[in-house]
Structures are given as C-alpha cells and as structure tokens.
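Notes follow once the structure below has been shown.
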Amino acid sequence: MTSMIPAPGATINAATTMQAAVVEEFSGPLVLKDVARPVAGVGQVVVRIETTGLCHTDIHAAHGDWPVKPSPPFIPGHEGIGIVVEVGPEVTEVALGDRVALPWLGYACGTCEYCISGRETLCPEQKNMGYSFDGTFAEYATAYARYVVHVPNDVSSVDAAPLTCAGVTTYKAIKVAGTRSSDLVVIYGVGGLGHLAIQYAKIAGGRVIAVDIHDDKLTLAKELGAEFTINALHEDPVAAIQKLGGADQAIALAVSPKAFEQAYGSLRRGGTLVFVALPADNTVELPIFETVINGITMVGSIVGTRLDLREVFELHAAGLTRVITEVRSLDTVNESIADLEAGRVPARIVFRM
C-alpha cells in the first residue's frame with residue numbers, strides 16, 4: 001500500500017533538542033553536546049538517525065584539511081540512515097515513517113547541464129551533507145527530500161550506512177573504470193571503501209589485486225574475492241603487478257599521494273587510473289611522456305548519483321555484497337577517528353544512535 005503524503009509541517013516527534021557530535025574548531029576534538037533539533041524547511045524533511053558511518057571525509061572535514069573548508073561549528077556525517085519524522089512544505093518524494101539514506105550529495109540544483117544529463121554530482125550549486133550543512137552525527141538531521149534515497153526492507157540500517165558513501169563511491173568508480181570480464185583490476189587501499197570496491201570489481205567480472213600495508217586487511221581482501229594480495233611495506237607493488245602483465249584499471253582509494261603514483265605505475269598500456277581518495281596532501285607527480293606514449297587514461301570519480309545508490313542497495317538486497325562493520329556509540333567518535341586514522345579498523349565504523 002502506498003503511504004499517504006502528510007500535510008506540510010506534519011511531524012511524528014516534537015522534541016526540541018538533540019545530542020550531536022559538533023566540530024567547534026579544526027584543531028580540537030569533536031564535542032558531544034545538546035543542540036537545537038532541526039526543523040524542516042521548504043522541500044526538506046527531518047530524519048531521526050538510526051545509524052551513521054564514519055568516513056575519512058568526516059575526518060578531513062573535522063580537521064579542515066581541504067582547500068574549501070566547512071565553517072565551524074558544524075555537525076559532520078554523510079552516511080546516515082533513519083526514519084522521516086517531519087515533512088516540510090512542498091515535499092512529495094517521501095512520507096512520514098519512510099526509512100531513507102542521507103548521502104554526501106545533499107542537494108543539487110536539478111536544472112544545470114550536469115543535473116539534467118545524469119551527472120548531478122558535478123552540479124556547481126550542490127550542497128554536501130555534513131560539510132555545506134549539518135550532517136548525521138546527531139540524533140536528527142535535516143535533508144532535502146529530493147536527494148534522500150529509500151532503503152529497501154532487505155537492507156539493514158547498519159549495512160545501509162556504509163553503502164550510502166563507501167558503497168556508492170566505489171560502485172561508481174568501477175563503472176567509471178569500465179571494468180569488464182577478465183580485466184585485471186588493482187585496488188589500492190583495503191578499508192571502508194576498498195573492501196566494497198573488491199566486490200564490485202568482481203561483480204563486473206574483473207580479476208582483483210588488493211594492495212595495502214596491513215596483513216589483516218589483505219586477509220579480508222582474499223575472503224572477499226581478491227585473487228592476488230600485496231603488502232606494499234614488504235614488496236614493491238608496481239614491480240609485482242607488472243610481473244602479472246600490468247593492471248587494466250587501478251582504483252586509488254588510499255589517502256596517500258604515493259599510493260596514487262604506485263597505482264599509475266601498476267598500469268599496462270592503455271590502462272585507466274581512477275582517482276577516488278582525497279588525501280590532505282593534494283599533489284601527485286606523474287610523468288607526461290609515459291602517459292602519452294602508453295595511452296594512459298586518468299579520471300576522477302566523485303561519489304555517485306541517486307540512481308547509483310539505488311543500484312548499490314539492490315545488489316546488497318540480492319545478497320551480492322557483504323559489508324564489514326564495527327558498531328559503536330556516538331560517544332566514541334573521537335576514539336573512533338583515532339582508530340581509523342591509525343588503521344586499526346578492518347573496514348567501516350558505524351555509529352548506532
């Protein structure tokens with residue numbers, strides 16, 4: 001049965017405050033505190049957050065690492081899953097009680113050449129969840145109704161959280177790479193993103209090489225279908241991959257410029273390097289001559305569209321992907337950030353509210 005769209009301003013919960021993890025300054029830890037609960041504006045909904053994932057982007061936001069910075073105080077988080085509890089005016093896409101995902105792409109204009117050609121993640125007017133406006137490290141979050149995505153009943157809220165960013169980002173990267181049956185695909189960085197990238201490359205028919213500096217993550221990569229694993233601390237990944245004939249595609253997910261350069265060196269002639277991770281150090285050195293002579297393609301891939309996320313959820317509901325998570329409470333946010341930065345997290349931390 002289709003749920004009825006409620007009248008503007010309809011609400012399930014009338015709470016006026018909530019707990020949130022707030023970035024008050026880039027040099028300090030996040031502060032867990034009570035703040036005002038958001039109210040839905042025109043075209044917006046308020047979502048009661050059930051789960052939200054911890055992404056490296058949240059850490060970069062909290063530290064002010066990137067050239068375009070958020071403005072403290074703000075609430076990070078862009079892998080939120082929850083229940084719509086308030087509907088603002090002019091909302092027709094969702095109803096009270098719907099379970100939805102709040103992704104990085106929180107808003108796009110819908111009318112520019114990028115939006116109307118299916119490239120909404122390139123919209124110059126976009127707003128990003130937990131960066132341009134307050135995100136999901138809170139009991140409630142505001143979202144633009146047009147840009148949330150319904151979560152299928154067969155996908156748990158714990159699994160859905162990482163799929164909302166780590167999943168859709170790597171799914172899109174494999175699409176951009178053009179991976180086909182029998183292609184050799186190297187994934188640099190086996191973590192929250194990498195463990196899903198391995199699975200999407202396998203779904204596309206690729207043979208996967210996983211590169212990391214932690215043996216436990218490489219063991220996980222094997223379990224998830226990687227044919228070859230390389231510990232970059234113990235052997236040169238470029239030499240090892242070239243012995244296999246070179247990779248058709250390299251997906252750069254490690255937050256290290258050196259990993260990008262190694263990914264480039266791993267390619268065979270005609271190969272494709274996909275830039276995904278966003279290291280705080282924003283520069284890599286790549287050779288012009290070899291790029292031209294070897295016909296190398298380099299492409300950036302930024303998250304994914306609403307359609308991509310729907311497809312990610314469909315694949316998971318069909319049992320084709322596995323999400324590795326460690327569930328924690330939001331009051332561990334600073335400890336969790338430290339663990340993620342130190343590589344002590346197998347894949348993805350998910351905060352349950």
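Give a residue-ordered list of calculated ³J(HN,Hα) values for the stretch 278-294 (Karplus: 6.51 cos²θ - 1.76 cosθ + 1.60, θ = phi - 60°; whole Hz; x for Gly, Pro).
10, x, 4, 7, 8, 10, 10, 10, 10, x, 6, 4, 5, 5, 6, 4, 8
Two decimals, Cα atoms only, Kirkwood Rh: what is Rg/Rh over the stretch 211-255? It would help to have the intermediate numbers written out before the result.
Numbers: Rg = 10.5 Å, Rh = 11.2 Å.
Using Cα coordinates only, the ratio equals 0.94.
So, with +1 on the Cβ of K and R and -1 on the Cβ of D and E, and no other charges, what is the size of the charge dipole of the stretch 166-300 about its Cα centre, to the nearest 20 debye? Before the final figure, lay out the partial values.
Values: 11 positive and 13 negative charges, 104 e Å.
I would put it at about 500 debye.
Fully extended, how many nm does the chain gain between Trp66 and Ser132 (0.36 nm per residue separation, minus their Cα-Cα distance)? Don't skip to the answer; put the middle values down first.
Working: separation 66, 0.36 × 66 = 23.76 nm, distance 1.31 nm.
22.4 nm is the gain from fully extending Trp66 to Ser132.
Looking at the chain, send over the antiparallel percent of its DSSP beta bridges, to the nearest 5. If you can, show how the numbers build up before the last one.
Details: 32 of 59 bridges.
DSSP beta bridges in the chain are roughly 55 percent antiparallel.
What net charge is computed for the residues neighbouring Gly245, neighbours being all others with C-beta under 15 Å from the C-beta of Gly245, Lys and Arg scored +1, Asp and Glu -1?
Numbers: positive: Arg207, Lys243, Arg268, Arg269; negative: Asp183, Glu227, Asp248.
Result for the local shell: +1.
When the distances between all Cα atoms of the stretch 119-187 are binned every 10 Å from zero, what whole-number percent does each bin get?
14, 40, 32, 12, 2
Kirkwood Rh, the stretch 153-217, all Cα pairs: how many Å?
Working: mean 1/r = 0.0818 Å⁻¹.
The answer is 12.2 Å.
Given the peptides 160-172, 302-314, arrange them by the average over their residues of other C-beta atoms within 10 Å, most packed first.
The packing order, highest mean first, is 160-172, 302-314.
Would you grab the residues whose amide H sits under 5 Å from the one on Arg328? Only those 5+ places off in sequence or on another chain, please, with H modelled 1.01 Å from N.
Under 5 Å from the amide H of Arg328: Val350, Phe351, Arg352.
Quote the Stokes-Einstein diffusion coefficient, in whole µm² s⁻¹, for the stretch 173-295, based on the Kirkwood radius over alpha carbon pairs, a temperature of 20 °C and a viscosity of 1.002 mPa s. Present the calculation step by step, with values, prior to reporting the outcome.
On the way: Rh = 14.0 Å.
D, rounded to a whole number, is 153 µm²/s.
Among His56, His234, His214, which comes first, second and so on when ranked by fewest other beta-carbon atoms within 10 Å? The partial results should precede the final answer.
Numbers: His56 23, His234 9, His214 16.
Final ranking by Cβ density, sparse to dense: His234, His214, His56.
Stokes-Einstein D for the stretch 95-149 at 20 °C, 1.002 mPa s, Kirkwood Rh over Cα pairs, in µm²/s?
Using the Kirkwood radius from Cα pairs, D works out to 181 µm²/s.
Within the set of other residues whose C-beta is less than 13 Å from the C-beta of Thr305, count the net charge using Lys and Arg as +1 and Asp and Glu as -1.
Working: positive: Arg119, Arg146, Lys172, Lys175, Arg306, Arg310; negative: Glu120, Asp308, Glu311.
Every neighbour counted, the sum reads +3.
Counting Lys and Arg as +1 and Asp and Glu as -1, what is the net charge of the other residues whose Cβ lies under 14 Å from the Cβ of Ser71?
-1
When you count, for each residue, the other Cβ atoms within 10 Å and take the mean per peptide, how do 138-146, 33-41, 289-297 rank with the highest first?
On the way: 138-146: 23.9, 33-41: 15.9, 289-297: 12.6.
So the peptides 138-146, 33-41, 289-297, ranked by packing, come out 138-146, 33-41, 289-297.
What list do you get for Trp104, Trp66 if you sort them by fewest beta carbons within 10 Å? Before the final figure, lay out each step's value.
Numbers: Trp104 23, Trp66 15.
With the sparsest Cβ surroundings first, the list reads Trp66, Trp104.
If you project the alpha carbons of the chain onto the principal axes, what extent comes out on each, in Å, largest first?
Extents along the principal axes: 63, 41, 36 Å.
How large is the dipole of the chain about the Cα centre if only Lys and Arg carry +1 and Asp and Glu carry -1, each at its Cβ, rounded to the nearest 20 debye? Working shown, then result.
Working: 26 positive and 39 negative charges, 141 e Å.
With only Lys, Arg, Asp and Glu charged at Cβ, the dipole is about 680 debye.
For the stretch 64-136, what relative contact order do you get, as a whole percent, if you take Cα pairs closer than 8 Å and at least 6 residues apart? All intermediate terms of the calculation are to be shown ahead of the outcome.
On the way: 109 pairs, mean separation 27.9, N = 73.
Over the stretch 64-136, the number comes to 38 percent.
No value in this document is a laboratory result; all are computed from the given coordinates. Quick caveat, the model's predicted, so the values are computed rather than measured. Every residue, glycine as well, gets a Cβ built from its backbone with ideal geometry; the counts of neighbours run over all protein chains shown.
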